[in-house]
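Novice: A single structure is presented below for examination.
The values are calculated or read from the model by the stated rules, or taken from the named source; none is laboratory data. Note that the structure is a prediction, hence the values are computed from the model and not measured. Reconstructed Cβ throughout: ideal geometry from the backbone, glycine too, with neighbour counts over all protein chains shown.
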Amino acid sequence: MIAASEALDRLVAGNRRFVAEVRSHGSHSQTRRLEVVEAQEPFAIILGCSDSRVPAEIVFDQGLGDLFVIRVAGNIVAPSQVASVEFAAERFHTRLVVVLGHSQCGAVLATLEELARPANTQSRNLSAIVDRIRPAVEGLLEADHGQHPDALLHQAVRANVRVSANHLRHGSSVLEQLIQNHSLLVVGAEYSLETGVVEFFDGVPKAQ
């Protein structure tokens, strides 16, 4: 079992390689594919957005069997996402969970637009995603005093990540117990579409 601190260090190092355009070798090879046929031991769980520009394995320069990735628009936390995190944490003893948001998130932007100008054209399913993001961002919109839309979106993306991370920390007895045992760590991060850099900003131990 890889400790959460070591797993976080691996992700940070992998993102640095990605930004520097220096890929690791062998993680996508046919040899590696055969190595993980019988079992997997992912060292981190990534709950990220479905945005096509933010594939976790690539931005963290990881390969087959390294990451247990859950992707959903707006990196929201619903029962199926919680269950997926629980499954990986219990089955594979993975001890790091990362909620990965990203700049210019379309789902967060859609929520801000819906709050500012409610419409009746959204499908019930899309509305379910917006409703998950709404509590994280509506306070920001109410407090907005004419700030630039990009600044508001940036704050909203981070607020949404924090809410999702807190939901995982406090919305599951399984995860709560693992956290209390000081083995599971849930952190929040934001990927910059502009720079490729992942910034870990929520729940990160001070030593990091």
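Novice: Are there any pairs, at least 6 apart or on different chains, whose C-beta atoms fall under 7 Å, with the first in segment 29-55 and hydroxyl-bearing (Ser, Thr, Tyr) and the second surrounded by 13 or more Cβ atoms within 10 Å (Cβ to Cβ), and if so, which?
Specialist: The qualifying pairs are Ser50/Arg71; Ser50/Val72; Ser50/Ala73.
Novice: Pick from Ala165, Ala151, Ala119: which is under 17 Å from Cys49 (Cβ atoms) and not hydroxyl-bearing (Ser, Thr, Tyr)?
Specialist: Of Ala165, Ala151, Ala119, the one residue that is under 17 Å from Cys49 (Cβ atoms) and not hydroxyl-bearing (Ser, Thr, Tyr) is Ala165.
Novice: For segment 172-203, enumerate the residues that are in contact with a helix residue (DSSP H, G or I) (Cβ under 8 Å, 6 or more places away or on another chain) and at pLDDT below 95.
Specialist: Ser183
Novice: Among the numbered criteria (1) part of a helix (DSSP H, G or I); (2) modelled with pLDDT under 95, which one does Gln147 miss?
Specialist: Only one criterion in (1) part of a helix (DSSP H, G or I); (2) modelled with pLDDT under 95 is unmet by Gln147, namely (1).
Novice: Here is a further query. Restrict the check to segment 8-18 and report whether at least one residue is part of a loop (DSSP other than H, G, I, E, B) and either of a type in the set (A, V, I, L, M) or closer than 22 Å to Lys206 by Cβ (or both).
Specialist: No - not one qualifying residue is present in segment 8-18.
Novice: When you scan segment 23-38, do you find a residue that is of a type in the set (D, E, K, R), outside any helix (DSSP H, G or I) and modelled with pLDDT of 95 or more, even just one?
Specialist: Within segment 23-38, not a single residue is of a type in the set (D, E, K, R), outside any helix (DSSP H, G or I) and modelled with pLDDT of 95 or more.
Novice: Among the residues of segment 46-65, is any within 19 Å of the chain's Cα centre (by Cα), farther than 25 Å from Val108 by Cα and crowded, with 24+ Cβ neighbours inside 10 Å?
Specialist: Looking for residues that are within 19 Å of the chain's Cα centre (by Cα), farther than 25 Å from Val108 by Cα and crowded, with 24+ Cβ neighbours inside 10 Å, one finds at least one in segment 46-65, hence yes.
Novice: Same structure, new question: Would you call Val72 within 30 Å of Arg134 (Cα to Cα), in contact with a Gly (Cβ under 9 Å, 6 or more places away or on another chain), modelled with pLDDT of 95 or more and not charged (D, E, K, R)?
Specialist: yes
Novice: Oh, and also: Under 6 Å by Cβ, and 6 or more places apart or on different chains, what pairs join a residue from segment 170-192 that is in a helix (DSSP H, G or I) with one that is surrounded by fewer than 21 Cβ atoms within 10 Å (Cβ to Cβ) and not aliphatic (A, V, I, L, M)?
Specialist: Val174/Glu86
Novice: Any idea which of Ser164, Ser173, Ser183 is crowded, with 22+ Cβ neighbours inside 10 Å and out of contact with any Asp or Glu (no Cβ under 7 Å at 6 or more places or on another chain)?
Specialist: Ser164
Novice: All but one of (1) over 30 Å from Asn181 (Cα atoms); (2) modelled with pLDDT under 95 hold for Ala136; which doesn't?
Specialist: (1)
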